[in-house]
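Below: one structure, written as structure tokens.
The values are calculated or read from the model by the stated rules, or taken from the named source; none is laboratory data. Please read these numbers as outputs of a predicted model, since none were measured by experiment. Using ideal geometry, Cβ is built from the backbone for each residue, glycine included, and neighbour counts are taken over all protein chains shown.
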Amino acid sequence: MNTSRFIVLEGIDGSGTTTQSSLLHDRLQKEGFTSMLTCEPTRSPIGDLIRSILRTKVPAHPETLAYLFAADRHDHLYNPETGMIKALSQGHWVVLDRYMFSSLAYQTVQCSRDLVYTLNNNFPLPEITFFLDLNPEISLQRISTRDSEREIYEHIDFQLKVRSRYQQVFSEYSSRTEIVAVDASMDQDAVHQKIWGIISQRISMASP
Ligand code: TYD
């Protein structure tokens, strides 16, 4: 399985993963590469169900949610028509807004570590993950100006726990996959330049 063009962006709510994924995808395309821009939870029926639970429209046990995130991820990878593995095997870049590290950081707040790690143990690791690190007080302030529906995790106590879990998860994974922490308090363009600087360097090293 060739995962050398598989890029993930992670961070607490409001850290800018969606904006930065989109900027990176646009930049890759501008440079002439084929890129798939995608996110988790996905836009599939499983992802829609997850979003309904996050917006408290549908009740669910936290462990059910952990299973659903893992099922959504499995389909996202292996769906024979729309899956990321297919795109990677065709030589496309895949820019993914949240992946298994989100489950390891968020679901372990309310579920056992064993369950969440077991559910996410067999997913392929990305080539590189950018951790957009930000103080939750700033990120929640950013979210409060958005015009979107509130979700269950968007409060300070939860986000503080998620941030420290991310730091723990990335220290565990840093020997197995590349993790780059980026100061997400910088402005949008500065964060993008930092990410693009690293990706463009890899591209030039890989080309003959
Ligand atoms: P988010 O990226 O904010 O999606 P949207 O813009 O569609 O609301 O993700 C929704 C929430 O889901 C966010 O709080 C992070 C959380 N999440 C998990 O708890 N576990 C996961 O595995 C993933 C992918 C996301």
Looking at (1) more than 13 Å from the ligand (Cβ to nearest atom); (2) loosely packed, with under 14 Cβ neighbours inside 10 Å; (3) closer than 26 Å to Q159 by Cβ, find the lone condition where R55 falls short.
(1)
Which of the residues that make up region 148-186 are over 27 Å from E127 (Cβ atoms) and assigned to a loop (DSSP other than H, G, I, E, B)?
S148, E149, R150, E151, I152, Y153, E154, H155
Scan region 23-33 and tell me whether some residue there is small (G, A, S) and on the phi < 0 side of the Ramachandran plot.
no
From the list L68, L37, pick out the single residue that is in contact with a helix residue (DSSP H, G or I) (Cβ under 6 Å, 6 or more places away or on another chain), at pLDDT 95 or above and either over 30 Å from M205 (Cα atoms) or among the hydroxyl-bearing types (S, T, Y) (or both).
L68
Could you pull out every one of the helices (runs of 4 or more DSSP H) wholly within region 97-147 that has 1 or more residues that are more than 10 Å from the ligand (Cβ to nearest atom) and modelled with pLDDT under 95?
136-144
If you scan region 99-152, which residues turn out to be under 21 Å from D187 (Cα atoms) and touching a Leu at 6+ places or on another chain (Cβ under 7 Å)?
F130, L132, P136
